[in-house]
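The values are calculated or read from the model by the stated rules, or taken from the named source; none is laboratory data. Note that the structure is predicted; figures quoted are calculated from it, not measured. Neighbour counts are summed over all protein chains in view; Cβ atoms, including those assigned to glycine, are modelled from backbone coordinates with ideal geometry.
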């Protein structure tokens with residue numbers, strides 16, 4: 001969850017909301033008192049908006065925008081901390097003192113999550129050894145999506161970006177060759193070896209390999225052609241049958257010859273890049289006491305184990 005300062009609220013979100021609260025102070029006092037009635041809790045957007053609309057008689061554009069884009073709020077009396085999403089990919093966290101509405105400040109996502117954790121277990125939220133997962137390592141240096149219309153189309157965006165880098169001279173495909181050379185698991189290469197260390201060599205070898213497969217039955221196991229393919233520089237990751245090997249070879253040949261996003265996506269879907277899958281089940285977190293050994297807990301464990309076995313068979 002990343003806190004940014006873009007969108008309608010800009011950098012002065014706390015100041016904007018503070019001024020807006022001042023203009024509608026009596027209404028918002030009633031609204032916040034309703035939020036406080038049940039003590040510590042997490043309020044979802046429908047609850048936030050319903051109460052706001054019930055008490056608000058005048059039009060306040062800033063507050064209206066905040067409540068319409070608020071995803072949830074953490075109530076820790078006397079504070080209400082809002083998670084606001086003014087635009088896709090933009091998150092703001094605003095902490096408001098319900099007693100003194102001029103006490104408004106913007107906080108970080110880490111601070112917000114700490115507040116949220118206090119709802120479940122205040123002691124655990126203060127534990128320095130509590131589990132913390134940092135996804136910053138996955139924030140690669142590739143261009144970022146900036147348009148809301150691009151949400152959900154990340155793979156297509158990346159494919160277009162890579163395609164633009166591969167187009168032109170055959171030498172532009174060298175990064176793709178280097179990537180294929182790097183694909184290995186436990187020291188065993190999966191696509192090509194150093195025999196095919198340039199785009200030109202790989203392109204020629206693909207033509208030879210495709211011709212050699214043309215007369216073989218589609219269900220011929222890869223083991224039947226493994227030695228011959230290894231001599232040419234190919235490793236075992238092309239597929240388990242002649243049919244699948246042929247499909248992967250054709251996909252790569254098309255990418256090298258005339259790169260386009262669709263063929264690139266098709267190629268990457270065939271490459272052996274996933275070898276271990278970790279399934280993390282949060283079951284038990286939501287019921288902190290007297291849950292160990294209950295049928296529901298046991299059922300969840302069995303379900304997860306069944307899913308793991310099914311995934312192993314699929315992969």
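When 186, 174 are screened for being surrounded by 10 or more Cβ atoms within 10 Å (Cβ to Cβ) and within 30 Å of residue 230 (Cβ to Cβ), only 174 passes.
Applying the selection to segment 80-104, what residues are more than 30 Å from residue 149 (Cβ to Cβ), crowded, with 18+ Cβ neighbours inside 10 Å and in contact with a strand residue (DSSP E or B) (Cβ under 9 Å, 6 or more places away or on another chain)? Correct list: 80, 81, 95, 96, 98, 104. For segment 20-43, the set of residues classified as surrounded by 12 or more Cβ atoms within 10 Å (Cβ to Cβ) and in contact with a strand residue (DSSP E or B) (Cβ under 8 Å, 6 or more places away or on another chain) consists of 21, 32, 35, 36, 40, 41, 42, 43, listed by residue number.
Listed by first and then second residue, the pairs linking a residue in segment 209-238 that is assigned by TED's automatic domain parsing to the domain that holds residue 188 to a residue that is surrounded by fewer than 17 Cβ atoms within 10 Å (Cβ to Cβ) and in a helix (DSSP H, G or I), with Cβ atoms under 6 Å apart and 6 or more places separating them unless they lie on different chains, are 218/243; 233/195.
The rows are residues; the columns are (1) loosely packed, with under 11 Cβ neighbours inside 10 Å; (2) touching a strand residue (DSSP E or B) at 6+ places or on another chain (Cβ under 8 Å); (3) at pLDDT below 90; (4) assigned to a helix (DSSP H, G or I).
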residue: 113; (1), (2), (3), (4): no, no, yes, yes
residue: 133; (1), (2), (3), (4): yes, no, yes, no
residue: 155; (1), (2), (3), (4): no, no, yes, yes
residue: 159; (1), (2), (3), (4): no, no, yes, yes
residue: 165; (1), (2), (3), (4): no, no, yes, yes
residue: 178; (1), (2), (3), (4): no, no, no, yes
residue: 181; (1), (2), (3), (4): no, yes, no, yes
residue: 204; (1), (2), (3), (4): no, no, no, yes
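Picking from residues in segment 243-280 that are over 17 Å from residue 191 (Cβ atoms) and over 28 Å from the mean Cα position of the chain (by Cα), the one that is surrounded by the most Cβ atoms within 10 Å (Cβ to Cβ) is 243. For segment 2-40, filtered to residues that are on the phi > 0 side of the Ramachandran plot and outside any helix (DSSP H, G or I), the residue that is modelled with the lowest pLDDT is 7. Is at least one residue of segment 47-54 in contact with a strand residue (DSSP E or B) (Cβ under 6 Å, 6 or more places away or on another chain) and surrounded by 12 or more Cβ atoms within 10 Å (Cβ to Cβ)? Yes, segment 47-54 contains a residue that is in contact with a strand residue (DSSP E or B) (Cβ under 6 Å, 6 or more places away or on another chain) and surrounded by 12 or more Cβ atoms within 10 Å (Cβ to Cβ). Total residues in segment 55-78 satisfying the condition of being out of contact with any strand residue (DSSP E or B) (no Cβ under 8 Å at 6 or more places or on another chain) and part of a loop (DSSP other than H, G, I, E, B): the figure is 6.
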